[in-house]
Amino acid sequence: MTPGGVNSPVRAFSAVGGTPRFIRSARGAWLSDVDGNDYVDLICSWGPMLLGHAHPDVQAAIAEAVSRGTSYGTPTEAEVELAEEIVARTPVDRVRFVSSGTEATMSAIRLARGFTGRDLVIKFAGCYHGHVDALLASAGSGLATLGVPGTPGVSASTAGETIVLPYNDREAITRAFAEHGSRIACLITEATPGNMGVVPPTAGFNAFLAQTCRDHGALFISDEVMTGFRATREGGWGLDGAVEGWRPDLMTFGKVMGGGFPAAAFGGRRDVMSRLSPEGPVYQAGTLSGNPIATTAGLATLRLATDDVYSHIDAVATTIKQAAGDALSAAGVPHAVQAAGTMFSVFFAEGPVRDFADASAQDTAAYAAFFHAMLDAGVYLPPSAYEAWFLSAAHDDRAVQTVLDALPGAARAAAAASSEGR
Ligand SMILES: *Cc1c(COP(=O)(O)O)cnc(C)c1O
């Protein structure tokens, strides 16, 4: 009925083989499928469910909001309160709500182009910013050259306005700005990449990006759709900018701040955000933007996302990282566990993984065997070796123990698949 049987490609298990599970319900750290199987959830809806599924206080807030109607197309109090919560945790002065992370990055880029009067965009290979045409570009031939379409359907002219560079490579950035500096509207990066697995920036890398942009009159856009309110209370920015004393010009948010609903946002410097319609000339709009149910769910989630939540997730992450590393070492499977705040992933390759080329050296057959052995043992991992593993405040001792019990067998399955491949 729908292409590939799914409404977003990674759900289809193409990278690991087998049949996707149809989930009927979820509670706390657990997913239940239509066949009556339960799984410890290590994807958490790909990030959003920071508090776990069906948190009673979030459910109650949603139910109360629904009782007052579901959409008005007018300003509401909840959206102002959610904006205040975001401004309190991040360095943005002002925010505009949209309905998906894709819309947030697309709008941020339009605003950057409108503000600077320039066209070119820089992004990094392996960073994902949603399915925005301009950001589905691949590197052209040679460094600092203009991009080519990353998928059929993206025009050569659109991709040709994007420069795709290797992550963590300062020289490539310096060269791109030297060559195209006066035409570059913005550089967009994940605050700490999580969409090729977790690849932390080298020390000072984001500060370097911010400074290089400033030197050339370009805007620095930090995409925190995944890391925002998850990597730390202040997102990925909490790991560097908050400590080092700099801030991005624009930021994008989604996932956790929607509390499991389609809500996202972009925000940033007051002078840049005031260029947005209706205050300024850069057009941007949305029928369901700031939807009252979505903003209520996001607000309830952020208000419950206290320091205790982050320290709990941190502790659980430490336990699982250690156990996964130990199990893979014992089975002789090359791997690298990398983390940024509470976010982490397990690469099936020797580390360190510094960029997309390193991440691409993974043994995906070993991961597929590992994934299915974990699934059979009741643990739902991301069905791709290129994804972060997500935890929540609801991952309690029973959930963690289920993961720990599953790891040694899965590591042996990975070892067997890896030697078959050789
Ligand atoms: C998920 C994600 C997006 C896209 O968000 P959607 O809501 O899926 O459109 C953008 N940027 C990053 C860093 C993401 O992780």
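Regarding Ser384, is this residue small (Gly, Ala, Ser) and either touching a Pro at 6+ places or on another chain (Cβ under 8 Å) or under 17 Å from Gly47 (Cα atoms) (or both)?
yes
Out of all the residues in the range 31-40, is one or more buried (at least 16 other Cβ atoms within 10 Å of the Cβ) and of a type in the set (S, T, N, Q)? Checked against the condition, which is being buried (at least 16 other Cβ atoms within 10 Å of the Cβ) and of a type in the set (S, T, N, Q), the range 31-40 yields at least one hit. For the range 278-297, the set of residues classified as assigned to a helix (DSSP H, G or I) and either assigned by TED's automatic domain parsing to the domain that holds Ser392 or not hydrophobic (A, V, I, L, M, F, W, C) (or both) consists of Pro292, Thr295, Thr296, listed by residue number.
One residue stands out in the range 386-408 among those that are among the hydroxyl-bearing types (Ser, Thr, Tyr) and assigned to a loop (DSSP other than H, G, I, E, B): the one that is least open to solvent (accessible area, probe 1.4 Å), namely Ser392.
Tally up the residues in the range 131-153 that are free of Cβ contacts under 8 Å to residues at least 24 places away in the same chain and either touching a Leu at 6+ places or on another chain (Cβ under 6 Å) or within 16 Å of the ligand (Cβ to nearest atom) (or both), please. Count: 3. Looking across Thr192, Thr202, Thr174, one residue alone is within 14 Å of the ligand (Cβ to nearest atom) and either without any contact (Cβ under 8 Å) to a residue 40 or more places away in the chain or not aromatic (Phe, Trp, Tyr) (or both). It is Thr192. Annotation note: of Gly101, Gly52, Gly47, Gly73, the sole residue that is closer than 30 Å to Glu279 by Cβ and open to solvent by less than 30 Å² (accessible area, probe 1.4 Å) is Gly101. Summed over the range 150-175, the residues that are over 23 Å from the mean Cα position of the chain (by Cα) and open to solvent by 70 Å² or more (accessible area, probe 1.4 Å) give a count of 7.
Listed by first and then second residue, the pairs linking a residue in the range 1-15 that is over 16 Å from Tyr380 (Cβ atoms) to a residue that is outside any loop (DSSP other than H, G, I, E, B) and open to solvent by 50 Å² or more (accessible area, probe 1.4 Å), with Cβ atoms under 8 Å apart and 6 or more places separating them unless they lie on different chains, are Ser14/Gly4. Residues in the range 339-357 that are closer than 26 Å to Ile313 by Cβ, in contact (Cβ under 8 Å) with a residue 24 or more places away in the chain and open to solvent by 20 Å² or more (accessible area, probe 1.4 Å): 3 in all. If you go through the range 108-124 and keep only what is small (Gly, Ala, Ser) and either within 12 Å of the ligand (Cβ to nearest atom) or surrounded by fewer than 20 Cβ atoms within 10 Å (Cβ to Cβ) (or both), you end up with Ala108, Gly114, Gly117.
A single entry from Ala368, Ala300 fulfils the requirement of being among the small types (Gly, Ala, Ser), in contact (Cβ under 8 Å) with a residue 24 or more places away in the chain and in the same structural domain as Leu165 (by TED's automatic domain parsing): Ala300.
Let's see how each residue does on (1) under 17 Å from the mean Cα position of the chain (by Cα); (2) surrounded by 24 or more Cβ atoms within 10 Å (Cβ to Cβ); (3) among the aliphatic types (A, V, I, L, M):
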| site | (1), (2), (3) |
| --- | --- |
| Glu224 | yes, yes, no |
| Glu234 | yes, no, no |
| Gly245 | no, no, no |
| Gly258 | yes, yes, no |
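Condition check for Ser311 on (1) more than 13 Å from the ligand (Cβ to nearest atom); (2) open to solvent by 20 Å² or more (accessible area, probe 1.4 Å); (3) within 18 Å of Ala104 (Cβ to Cβ): one failure, at (3). For the range 125-143, a residue qualifies if it is within 16 Å of Thr158 (Cα to Cα) and not charged (D, E, K, R), and the qualifying residues are His129, Gly130, His131, Val132, Ala134, Leu135, Leu136, Ala137, Ser138, Ala139, Gly140.
Applying a threshold of 9 Å to beta carbon distances and a minimum spacing of six or more residues, or different chains, the list of pairs starting in the range 41-60 at a residue that is under 16 Å from Ala388 (Cα atoms) and outside the structural domain of Ile23 (by TED's automatic domain parsing) and ending at one that is at pLDDT 95 or above and more than 16 Å from the ligand (Cβ to nearest atom) is empty.
In the condition set (1) open to solvent by 50 Å² or more (accessible area, probe 1.4 Å); (2) free of Cβ contacts under 8 Å to residues at least 60 places away in the same chain; (3) within 16 Å of the ligand (Cβ to nearest atom); (4) touching an Asp or Glu at 6+ places or on another chain (Cβ under 9 Å), Tyr128 is compliant with all but (2).
The values are calculated or read from the model by the stated rules, or taken from the named source; none is laboratory data. This is a predicted model, so every value here is computed, not measured. Every residue, glycine among them, receives a Cβ derived from its backbone with ideal geometry; neighbour counts consider all protein chains shown. Heavy atoms of the whole protein, side chains included, go into the accessibility calculation; ligands, DNA and RNA do not. Shrake-Rupley method; radii C 1.70, N 1.55, O 1.52, S 1.80 Å.
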